[in-house]
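Taking it in order: structure first as structure tokens, then the write-up.
Computed from the coordinates by the stated procedures, all read-outs in this text should not be read as laboratory data. The model shown is predicted, which means the values in this text are computed figures rather than measured ones. Cβ atoms come from the backbone with ideal geometry, glycine included; neighbour counts cover every protein chain shown.
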Amino acid sequence: MRRILVVWLVLTVIGVPLIVLVLGPHLPPGHMSAEASDQTNANTVMTAVIAPIVFLLVAYFGYALVAFRARGDVLEDGAPIRGHAPTQTVWLVVTTATVLGLAAWGSYTLIVSAHGAGGGQGPNPIALPANYKSALQVQVIGQQWNWTYRFPGYGSVETEHLDLPVDSDVEFHVTSLDVTHSFWAYQLGVKADAVPGVDNIAFVHPRKLGTFSIRCAELCGLWHGHMFQTGDVVSATAFASWIAAQKKAEAFNQKYLTPYARQYFPEPQRRAG
Amino acid sequence: MSTQAPTVPIPAEPPELEARIVTIGSYLIAAATAFFFVAFLFAFLYLRALNTNGLWGGGKPHHHVHAALTVGIIVLASVLASVVVLRLALGELRGQARPLWRLAALGAVALGLAAVGVQCWQYTDLGFGPGDGGYASVYLGWTGFFSIFALGVMLWLEAVLASTRRADAVAGVRVQGDVASVSLVWTMLGLVEIASFILLYVVT
Amino acid sequence: MDSAAELRLLAGRRLRGPLGFNLFTAIALGIGGFFLGAYLGGQIAVGKHYLLATDQNDVGVFMGFLFATIGWFGGLGFFNYPVSRVLGRAAALPHEEARGVGRYFRLSTDHKVIGIQYFFGVGAFFFIGGLNAMLIRTELLTPNERAWPAGQYISLVGLHGTMMIMMTSAFILGPFGNYLVPLMIGARRMAFPRIEALTFWLTPLAGLVLMSAIAWNGFPTGWTGYAPLADQARSGMDAYIWAFLLIGISLCLNGLNLMTTILTQRAPGMTWPRLPIFVWGVFSTSILMVLAAPVLIAALLMGMIDRSANTSFYIASGGGSPYLYENLFWFFGHPEVYILALPGFGIVLEILPVFARKPLWGYRLAVAGMFGVTLLSFFVWQHHLFVSGINGGLRPFYMLTTELISIPTGFIFLNAMGTIWRGKIRYTVPMLFSLAFFFNFLIGGLSGVFLSDVPSDVTTHGSYFVMAHFHYTIMGGLVFAFFAATYYWLPKMTGVMFNERLAKIHFWTAFVFFNLTFFPLFAAGFLDMPRRVSTYAPSLQTLNDFVSASAFCLGASMLVFVVNLIYSLVFARVPAPQNPWHSRALEWQVPTPVPVHNFDEVPEITGYPYDYGVPGAPPVARLRPAEG
């Protein structure tokens, strides 16, 4: 038993710092936004917490399966141990403490530090960034099989491409016109289901310039895999000129668009495909 | 495979055990029935709270679809009367096994069928259709599947009654177990009916 | 007696050949019933605009399925008993039971026959599902659509998911639950033998109905059948709904039957602390089946009337909500995962003591673990909906409950660790599969910790990470437990030993290629590959090609099993000894093959099932209490 613990201790002492320092920075989704950083940190912590558990079980089974193998063909019985109350108590206490710790830490990061961690929070979000009132509003509309975006702060212009200004709060309002999609901006660390009749809100705070990919993460029919776009995080001035150009380019289409709303109810979804 | 005799007998269990099996089975059926209707209860409360597209109460403005209260009261009264009569029949059976219990049980069947009949008649004169919003959907789904469950229980009770009429019928414990089981499930459905009456007719 | 003879004639036990009550009649009447029902449904819908608000007639399809179901069960002879009861005829159990191979193709109320029927039934669906997986991996060899058109690919994904989760819900409970529970508790039969037959025969019917979806080009929703997409889909969706409905009924009745059996049919002396751990696993699973399946049935019925009768439970523009389906479905769906997993826990904990030659370590802890999982699994369902926008404020609660469920699951690991400690471990094939179960389930369980944490879940939700996670728990857990059980108990069930060399080849290839297939998929999920896509980023092609190659090898490994099964059962036929594993358990004390009544006399249980090496431990039971 002592040998197992020694092996486990050595593995943990070597393995956990390696995970935190070497693997951690490479875990997804990266550091393009504050929310992405929060998720990367969460993934690092999770990996660091479960690594000792894996080490313990691997060391234990590795030792026990070799040391306690039956030798020879004679059928022998092992030691008749039915249980060991102190071990069970220790195990219960340790697993409970780990689990409660993880849940408390997860809830804290979700609500307080990570502002919802980029996940869809529904129409009444509770985890809000400090200056959410001044956040840039972007409506994300999913439909089979494309994403479009409307900017209510800019005359509700509808665009087919997503540009976001760096270093500012963005408030996504995700909704759908037909079936359930899921808006997944991978590098930004945003994922929010697009559900018909629902205004699903997610916050993000981009920190780095660059391109991010946008996918659909909920099966939405035939061309689910093709709901793929890229978006860009650009400087504030570049964003201002982009959105102005978009307003100009879309001015004709804009006249025929449905007025901006939190949700849209097209003709009742008829069942035929 | 084996080349034994083509048929072999199956062991029968003593009637006390059979009665116990049926009773425990009926508890589980009652639990499953409850969870089935909990789904409709959830649908009612959830769709009502969400009121998506403002369509909980019906399609047109200023027009709130609503099933007729009188019919609801008749259905509720018939179901509850049937439950009570069946419980009385069970008490009668447990007492001295007087033949009156069979009459009472038949009455319970009649009342249960009457409830289903009234419910079905109401569908023909409802004033709204299945497409008229959340309430209409829940109303038709809940009452429709309740009627199917009720018909099933009445069929079960009829089967129990019919088998006691045989000359060689296994009387006593086994029949008591059967009737108690039907009564338990039927009581659960009675509770479901009370809940559905309150929600679908009183609260809406 | 007249009516008894009449019943016997009705039940067709004297009838032989294709005209009796058997599978062939059932198929013929089922197909006939479908067309009759579809015709009648068409007549009902004529002129009713709200029934025909589409360009397809779902009323007709559902009526067709209803009549097909009635025809199928009529053809099998299921209505003979209820009809005779309603008419007041004989109500006793049938007095006799057919023997011979033919009994596997007709209604039988012998739990041993049903166990074998289930084994081959769910086995067939498992292999169809596996074939679908091979076709899916063929498509994923290239980043663009190559092998199959998008529509076919999406149907393959749906069929794979439904075959593996819906059709094989009873993967362990069906074959081993039905066969072994009466033997393990010293009973001669199940509590409700006819309901037991019904639960089995619902399964192949559901499978046929599900496969009929191919005639409408399948259904696009995957196994979850999410609502707005399901409302939009063509009639293949009706097949999905009806098949899942039948499986839901089967699950509910199976749970009812198993639980009643365990509660009422235990032999004298079979006190709760003496109950084999597999029976505890079945018992806790039964609770889930009885309570969770009705919610699924209700959810599917709402979907059915949404599609056919124009209600709008799930249609947002009609006043409903897609969230309603998601909530109801996952209220069933998460317990369903444990319906799959808990019997697996029972099986590995049953096998470990036998081959470690030690008592099960921490028996009470194992029972507590199983019931803890059962209880908690009703309170975790919204972790499937963390980013859906439902109740953002409730996410910490579901995060907590989801993480709490790892505590009882951890008990099972502690049981395994304690049981092998200072044992005399023999590495037979069942033991290897059981140990591999713990390795796979460890990875599957710990990857679930990522998914339970909301910030992590935002990255991994809906990606291949999730897919790898549940394949590790279900394929690596449940399927490995199934094979452990197969190699362990099939000698008792069939009277034939497996070829051990082939079995070992099967184990090692399955274990290695399983891990090579699914471990890289965690990386694919981390690298932004969503589930259920036929196209993906070209940079992921190497990874996907590697996975596909491993998956094909995994498929080949399963063929080794089929070869072994056929070789051992048909050609080699090495007779199995009564107790090849030197187990103490009750089911190994009866002769092989198991006598028709299991026990000539009701046995008296005198000891604990796992007392290996305990000095002076009494034998587990006296099989002939009258003489003893």
Could you state the principal axis extents of the C-alpha atoms in the stretch C:268-353, from the largest down, to the nearest angstrom? 58, 26, 16
Can you work out the FRET efficiency for the pair residue A:73 and residue A:18, with r the C-beta to C-beta distance and R0 = 35 Å, to the nearest 0.05? 0.20
Semi-axes, largest first, in whole Å: what does sqrt of 5 times each Cα gyration tensor eigenvalue give for the stretch C:338-447? 32, 13, 10
Average beta carbon contacts from partner chains per residue of B:140-148, 10 Å cutoff: 3
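Which of C:358/C:504; A:133/A:248; A:208/A:255 have a Cα-Cα distance over 29 Å? Kindly include the intermediate steps, with their values, before the conclusion.
Working: C:358/C:504 24 Å; A:133/A:248 27 Å; A:208/A:255 35 Å.
Going by Cα-Cα distance, A:208/A:255 fall outside the 29 Å limit.
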Based solely on its DSSP helices, what 222 nm [θ] is calculated for the protein assembly as shown when runs of n ≥ 4 H residues each add -39,500 (n - 2.57) and the sum is averaged over all residues, nearest 500 deg cm²/dmol? -19000 deg cm²/dmol
Given the candidates A:88, A:127, A:106, the one whose Cα lies deepest towards the positive end of the charge dipole of the stretch A:19-153, counting +1 at each Lys or Arg C-beta and -1 at each Asp or Glu C-beta, is A:127
Using all Cα-Cα distances in the protein assembly as shown, what percent lands in each 10 angstrom bin from 0 up to the longest? 2, 10, 18, 23, 21, 15, 8, 3, 1, 0
Show me the ranking of peptides C:210-216, B:52-58, A:131-137, C:447-453 by mean Cβ neighbours inside 10 Å, starting with the highest. C:447-453, B:52-58, C:210-216, A:131-137
Alpha-carbon gyration tensor eigenvalues x 5, square-rooted, for the stretch C:518-628, Å: 51, 21, 12
In a solvent-free Debye calculation with one equal scatterer on each Cα, what is log10 I(q)/I(0) for the stretch B:101-199 at q = 0.24 Å⁻¹, listed in the order of the q values? -1.28
Order of C:441, A:61 from fewest to most other C-beta atoms within 10 Å? A:61, C:441
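Which whole-number percentage describes the relative contact order of the stretch A:13-125, with Cα contacts under 8 Å and a sequence gap of 6 or more?
Numbers: 48 pairs, mean separation 30.8, N = 113.
Normalised by residue count, the contact order of the stretch A:13-125 is 27 percent.
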Students often forget the sequence filter, so: which lysines lie under 17 Å Cα-Cα from residue C:492 once same-chain residues fewer than 8 apart are removed? C:112
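For the protein assembly as shown, what proportion of DSSP beta bridges, expressed in % and rounded to the nearest 5, is antiparallel? It would help to have the intermediate numbers written out before the result.
Details: 34 of 48 bridges.
Of the beta bridges lying entirely in the protein assembly as shown, close to 70 percent run antiparallel.
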Relative exposure of A:216, B:120, C:553, C:252, judged by other C-beta atoms within 10 Å (fewest first): B:120, C:553, C:252, A:216
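Arranged from highest to lowest average of other beta-carbon atoms within 10 Å per residue, in what order do the peptides C:589-597, C:162-170 appear? Show your work: numbers first, answer last.
Details: C:589-597: 16.8, C:162-170: 26.0.
Highest-to-lowest ranking by the protection proxy: C:162-170, C:589-597.
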What is the spread of the Cα atoms of the stretch C:416-504 along each of their three principal axes, largest first, in whole Å? 51, 31, 20
For the stretch A:143-273, inverting the pair-averaged 1/r of distinct alpha-carbon atoms gives a Kirkwood value in Å of 15.5
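Can you pull the mean other chain C-beta count within 10 Å for peptide C:254-260?
Whole-number average of other-chain Cβ neighbours for C:254-260 is 4.
Among A:184, C:272, C:330, C:489, which comes first, then next, by fewest other beta-carbon atoms within 10 Å? List each step's numbers first, then the result.
Working: A:184 28, C:272 11, C:330 21, C:489 25.
Fewest-to-most Cβ neighbours within 10 Å comes out as C:272, C:330, C:489, A:184.
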For the stretch A:27-124, what is the per residue volume of the convex hull drawn over the alpha-carbon atoms, in cubic angstrom? 168
Cα lying deepest toward the dipole's positive end in the protein assembly as shown, options C:471, B:80, C:104, charges on Cβ: C:104
Scattering from the C-alpha atoms of the stretch C:196-355 alone, worked out with Debye: what is log10 I(q)/I(0) at q = 0.10, 0.13, 0.15 1/Å? -0.45, -0.69, -0.84
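What is the Cα convex hull volume of chain C when expressed per residue in Å³? Could you put the intermediate results ahead of the total?
Values: hull volume 99.6 nm³, N = 628.
Hull volume normalised by residue count: 159 Å³.
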The stretch C:245-304 - Rg and Dmax from Cα coordinates, angstrom: 14.1, 48
Along each principal axis of its Cα atoms, how long is the stretch C:324-364 end to end? Whole angstroms, biggest number first, please. 50, 17, 7
Taking only the alpha-carbon positions of chain A and ignoring solvent, what does the Debye formula give for the base-10 log of I(q)/I(0) at q = 0.13 Å⁻¹? -0.91
Evaluate peptide B:38-44: per residue, the Cβ atoms of other protein chains within 10 Å of its Cβ; return the mean as an integer. 6
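Assuming 1.567 mPa s and 4 °C, estimate D for chain B with Stokes-Einstein, Rh taken as the Kirkwood radius over Cα pairs, in µm²/s.
On the way: Rh = 18.9 Å.
In µm²/s, the coefficient rounds to 68.
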